[in-house]
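The values are calculated or read from the model by the stated rules, or taken from the named source; none is laboratory data. Small disclaimer: the values here were computed from a predicted structure and weren't measured. Because the Cβ atoms are built from the backbone with ideal geometry, glycine has one as well, and the counts that use them run over all protein chains shown. For accessibility, only protein heavy atoms count, side chains too; no ligands or nucleic acids. Shrake-Rupley method; radii C 1.70, N 1.55, O 1.52, S 1.80 Å.
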Amino acid sequence: MKNIEISPVSRIEGHAKITVQVDDAGNVADAHFHVMEIRGFEKFLEGAAVEEAPRITPRICGICQTAHHLAAAKATDMVFGLEPPETAKKLRELMLMGQYIHSHSLHFYFLGAPDLVMGPDSDPAMRNVVGILKSNPDLAMMAIKTRKIGQEITGAVGGKPISPVTAIPGGQSRGITSEQQAKLLSKAKDAIGLIEQGVEVAKPLFTQYSEAIEALGPVESHFGAITNGGSIEFYDGPAKIIDKSGNQVYEFAAADYLDYVEEKVQPWSYLKFPYLKQIGFPEGNYRVGPLARLNVVDTIPTEKASALYGEYKDQYGIAQNALLYHYARLIELMYAAERAVQLLEDDSITGTDLRQNLSEPLMTQAEAKQSGETKRGVGMIEATRGILIHDYETDAGGFINRANLIVSTGQNNLSMDIGVRETAKQMIHGEEVSEGLKNRLEMIVRAYDPCLSCATHAIDGSSPLAVDIYDSDGQLLKKHLL
Amino acid sequence: MVKIALETLASCSGCEISILDLHEDLATLLNQADIVYAPVLMDVKEVPDDIDIAIVSGSVRNVENKERLEELREKSKYLIAYGTCACYGGITGMADLYTSEEVTSRTYSDNPSTVSAPLPNEVVPELLSIVHPAADFTRIDGFIPGCPPKEQLTHDILIPLVNDEAPDVPKKSVCADCQREMEHVEFDTIHRRIEGTPEPGKCFLSQGYVCLGSVTLGRCGGLCTEAGIPCHGCGGPSLDVLREPSHDIYNGVIKRIAHLSKMPEKDVEKQLYDIGHVIYGFVIGSTTMEDKQVSLIPQLVKK
């Protein structure tokens, strides 16, 4: 038995490893995707005044911080029984559109696309955004400009582009002025134009790589996403689960997630493996994120994204292929920019009724302890990578007793693991494994845009991407440095 | 060309995003410097031997984080601890409020959505007993705190460094940049941050809210206080706090509130709440802060 190790998987957020076990006949016996660290947010949130959670949890992930900020804020709304005013909800949704524009363009242009634009077998030293900057500066500048607009929207609405702060229990701490509205509207419109150009560059790539789309990361699963009456929805609504043919299996509100989702611990990864509880493991495997959302929803209610969605749907139907995450991500990128324009064209976005306040004073810690009562808040949101759930139980004074987080990437963990294994089985025979082939295994993982920092959980110190081949006695036979 | 390496230890990757937030200036930077290693952005898997500037973000949480940090030190001329995690342990350091066993048990067994199971123990690296900033293990040539450092700061530091010039960085506290008006007001209650509506334009401390602006290094431009939110201290301790052995974040805040409100310090102390998360949230992992004569960190941390 030989052990092939790919570490770290690069161009993803956080650190991971792929291992492939090859038997003596040269066939793949097993393969796994490993997530290598735990940071422990679920534990160290305990004891915190729950209103601090929207400030602490964005540090789970510096890429989808806004999603954590808002999931946490929604959970605190529920803990305190406060309903944010309409303007506050729109501002939160706008902040989330900024997040989508930044995160989706970061992933597509900076992390994912180099495999397609430069080719999966291209020089690894050039297969990245720096390489694109050198070989196609116009494309790279377009990517930079698109992402910048996302960060500017988040920064203006959220106070800061990274780890925003303005969502508080019951609403928003600050609104936007009509000057900011006009400026952001013009930028959001610019983003639509930039994304149109990006789509023009990207669409032919999906035809060019149709074979890879078929071959890499095969898995069939259920899918889960938030929808609003069948329409795409990122900020609020119930989660809908469909089977692999597209039939609805469940629909549930945030507070009921424990009836539907369960997580399995596997010895080889710090990241847990969520699955549909009533179906069981592994049959209850489900995926989330762009591919899942476009499978779950029936409509996208903005002009350009809707047209792209129609075309995509005609071609792929209920899409199962992991690499189509990239295509779905671009369509959502367009939706996010168009939705930002819609929100900014609505003058109520500059409203000043921004928060509902507590009607009664909070209990002190001593009073809360004596009362023995508890409160609970569950916030669910569509993060860029999929459904994100923050569940806090607090004492009567609002200090956290227990926190549970179902992060987006976790829900794709099993599919990444299966995808890597099945592809390795099909493609690896014998001891020689080319760089391009190893890169293809990484491309499967990359398609999901995993956010391993998010795995609450996640990141090892990492070693260079080396493939070590051992014999059955554990003797190192060969070391490939990639 | 100057050779730059970026490495992420236990962190959220926000520091790397803040470097990407140079936006168009990224292209300018890349005209003057080569990024030779950065797993988050590129596929070069082997750390090169002759790095000029290595930028390490995140805290040291497990054995592999430590090994990687030491390898970077060996292979680079100038090693920068970038971001509050690398400088002070950062928010990950809050894990020190609990033992490693408590952290893993909450995640993998004592958890409402998780089927109870043994801990991950194959392939995954072992956790260290506590969270460490980078300087606990190796010599650091430059510290750039911030969670994450702001893009302008990155610009003002990286561009001169690449050109072999000394960066000129601000040294004031957040209060120096905050536009809110500080005033003496007589009050006797400290509010939770969710209580009431803070008056715009007026200092949070003057209204009885815990704000760490006066004890936090202010290279952020006071963005949070401008957005209506008290400072959480993500930029790490101010230079005053760092220089004075008896000056701590906790006692600094108490003194300031007592001074503004005329409340006796003892009364302020009684009313402060959730000190681990609200006061020390970003520096619990820091021995510099723990060693302060008046620090409460030793009492909070479970080793």
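By a straight-distance test (C-alpha under 13 Å), which aspartates and glutamates pair with B:Lys270 as possible cross-link partners, with residues fewer than eight away in the same chain excluded?
The qualifying aspartates and glutamates are B:Asp188.
For A:Leu133, A:Leu344, what's the largest-to-smallest order of accessible area, 1.4 Å probe?
A:Leu133, A:Leu344
Give me a single rounded figure for A:391-398: the average over its residues of other chain Cβ atoms within 10 Å of their Cβ.
Other-chain Cβ atoms within 10 Å of each residue's Cβ, averaged: 1.
Would you mind checking the tilt of helix A:178-208 against the longest principal axis of the Cα atoms of chain A, expressed as 0 to 90 degrees and rounded to 10?
The angle comes out near 20 degrees.
Give me the net charge for the shell around B:Pro200: Cβ to Cβ below 12 angstrom, other residues only, Lys and Arg +1, Asp and Glu -1. Walk me through the numbers on the way to the answer.
Values: positive: A:Arg174, B:Arg180, B:Lys202; negative: B:Glu181, B:Glu199, B:Glu226.
Spelling it out: positives minus negatives among the neighbours equals 0.
Compute the helix-to-body angle for B:151-162: its Cα long axis versus the longest principal axis of chain B, expressed 0 to 90° and rounded to tens.
Helix B:151-162 and the main axis of chain B meet at about 40 degrees.
Return the carbon/sulfur percentage of the accessible area of the range B:51-131, one whole number, probe 1.4 Å, all protein chains in place. If you can, show how the numbers build up before the last one.
On the way: 1280 of 2550 Å².
Carbon-and-sulfur percentage of accessible area, whole number: 50.
Relative contact order for the range A:10-111 using alpha-carbon pairs under 8 Å, separation at least 6, rounded to a whole percent?
Taking the mean separation of contacting Cα pairs over the length of the range A:10-111, I get 18 percent.
Just list whichever of A:Lys160/A:Lys183; A:Lys244/A:Lys304; B:Lys3/B:Lys66; A:Lys187/A:Lys304; A:Lys148/A:Lys187; A:Lys272/A:Lys425 have alpha carbons separated by over 19 Å in the model shown. Kindly include the intermediate steps, with their values, before the conclusion.
On the way: A:Lys160/A:Lys183 17 Å; A:Lys244/A:Lys304 27 Å; B:Lys3/B:Lys66 22 Å; A:Lys187/A:Lys304 17 Å; A:Lys148/A:Lys187 10 Å; A:Lys272/A:Lys425 24 Å.
With Cα atoms farther than 19 Å apart: A:Lys244/A:Lys304; B:Lys3/B:Lys66; A:Lys272/A:Lys425.
Would you be so kind as to list the residues of the range B:159-202 that have their accessible area lowered by at least 20 Å² in the full protein complex compared with their chain by itself (1.4 Å probe)?
Buried by 20 Å² or more upon assembly, which counts only protein chains, are B:Arg192, B:Arg193, B:Ile194, B:Glu195, B:Gly196, B:Thr197.
Would you kindly state the longest site-free stretch of chain A, with sites defined as GluC sites (Glu not before Pro) in a DSSP loop (not H, G, I, E, B) surrounded by at most 12 other Cβ atoms within 10 Å?
Values: sites that count: A:Glu283, A:Glu373, A:Glu432.
Counting at most 12 other Cβ atoms within 10 Å as exposed, the longest clean stretch of chain A is A:1-282.
Straight-line reach from A:Lys240: which aspartates and glutamates have a Cα under 14 Å away, not including same-chain ones fewer than 8 places off?
In chain and number order, the partners are A:Glu251, A:Asp256, A:Asp259, A:Asp298, A:Glu382.
Return the aspartates and glutamates within reach of B:Lys150: Cα separation strictly under 16 angstrom, same-chain partners fewer than 8 residues apart disregarded; answer none if there are no such residues.
Excluding near neighbours in sequence, the set is A:Glu152, B:Glu16, B:Asp21, B:Glu24, B:Asp25, B:Asp168, B:Asp177, B:Glu226.
Between A:Asp347 and B:Ser246, take the C-beta separation as r, use R0 = 60 Å, and let me know the FRET efficiency to the nearest 0.05.
0.65
Hey, how many Å between the Cα centroid of the range A:1-38 and the Cα centroid of the range B:228-252?
Measuring centre to centre over Cα atoms gives 44 Å.
Among the DSSP beta bridges whose two residues both lie in the range B:30-181, what percent are antiparallel, rounded to the nearest 5?
Working: 2 of 10 bridges.
In the range B:30-181, DSSP labels about 20 percent of beta bridges as antiparallel.
For chain A, calculate the relative contact order in percent as a whole number, restricting contacts to Cα pairs under 8 Å that are 6 or more residues apart.
28 percent.
Tilt of helix A:413-427 relative to the longest C-alpha principal axis of chain A, in degrees (0 to 90, nearest 10)?
Here the helix axis deviates by roughly 20 degrees.
With heavy atoms of protein chains only and a 1.4 Å probe, what residues of the range A:42-57 have at least 10 Å² less accessible area in the full set of chains than alone?
So the qualifying set is A:Glu42, A:Lys43, A:Phe44, A:Glu46, A:Gly47, A:Ala48, A:Ala49, A:Glu51, A:Glu52, A:Arg55, A:Ile56.
Out of all DSSP beta bridges in the protein assembly as shown, what portion is antiparallel? Express it as a percent rounded to 5.
70 percent
Ignoring ligands, DNA and RNA, how do B:Ser76, A:Ser186 rank by accessible area with a 1.4 Å probe, largest first?
In descending accessible area the options line up as A:Ser186, B:Ser76.
Averaged across orientations, what area in nm² does the convex hull of the alpha carbons in the range A:267-341 project?
6.7 nm²
Where Lys and Arg each count +1 and Asp and Glu each count -1, what net charge lies around B:Gln179 among other residues with Cβ under 11 Å from its Cβ?
Once all neighbours under 11 Å are counted, the net charge is -1.
Please state the charge dipole magnitude for the range B:166-303, taken about the Cα centre, from unit charges on C-beta atoms (+1 on K and R, -1 on D and E), reported in debye and rounded to the nearest 20.
280 debye
How much accessible surface does A:Tyr250 have with a 1.4 Å probe, in Å² rounded to 10?
30 Å²
Just to confirm, what accessible area per residue do you get for the range B:204-279 at 1.4 Å probe, in whole Å²?
33 Å²
Under the Cβ-under-4.7 Å rule, which cysteines of chain B stay unpaired?
B:Cys12, B:Cys15, B:Cys85, B:Cys87, B:Cys175, B:Cys178, B:Cys203, B:Cys211, B:Cys220, B:Cys224, B:Cys231
Suppose only helical runs count, i.e. DSSP H with n ≥ 4. What mean residue ellipticity at 222 nm does that imply for the protein assembly as shown under -39500 (n - 2.57) per run, divided by all residues and rounded to the nearest 500 deg cm²/dmol?
Roughly -11000 deg cm²/dmol at 222 nm, from the helical runs in the protein assembly as shown.
Scanning chain B for GluC sites (Glu not before Pro) in DSSP loops with at most 11 other Cβ atoms within 10 Å, what's the longest stretch left with none?
The longest such stretch corresponds to B:1-121.
May I ask you to rank A:Tyr260, A:Tyr286 by accessible area, largest first, using a 1.4 Å probe over the protein chains only? Numbers along the way, then the final one.
Numbers: A:Tyr260 45, A:Tyr286 5 Å².
Most to least solvent-accessible, the answer reads A:Tyr260, A:Tyr286.
Just the number, please: percent antiparallel of the DSSP beta bridges in chain B, rounded to the nearest 5.
Numbers: 5 of 24 bridges.
Antiparallel bridges make up about 20 percent of those DSSP assigns within chain B.
Summarise the partner chain shielding of A:141-148 as one whole number: the mean count of Cβ atoms from other chains within 10 Å of each residue's Cβ.
That works out to 3 on average.
Counting Lys and Arg as +1 and Asp and Glu as -1, what is the net charge of the other residues whose Cβ lies under 13 Å from the Cβ of A:Ala424? Please list the in-between numbers first.
Values: positive: A:Lys2, A:Arg421, A:Lys425, A:Lys438, A:Arg440; negative: A:Glu5, A:Asp23, A:Asp30, A:Asp417, A:Glu422, A:Glu442.
Value of the local net charge: -1.
Around A:Gly289, which amide H atoms from residues at least 5 apart in sequence, or from another chain, sit under 5 Å from its own amide H, with H modelled in the peptide plane?
Counting only residues 5 or more places away or on other chains, the set is A:Gly386, A:Ile387.
Tell me: how much accessible area in total is hidden between A and B, 1.4 Å probe, Å², nearest 100?
Details: alone 17820 and 15320 Å², together 25490 Å².
Answer for the A-B pair: about 7700 Å² buried.
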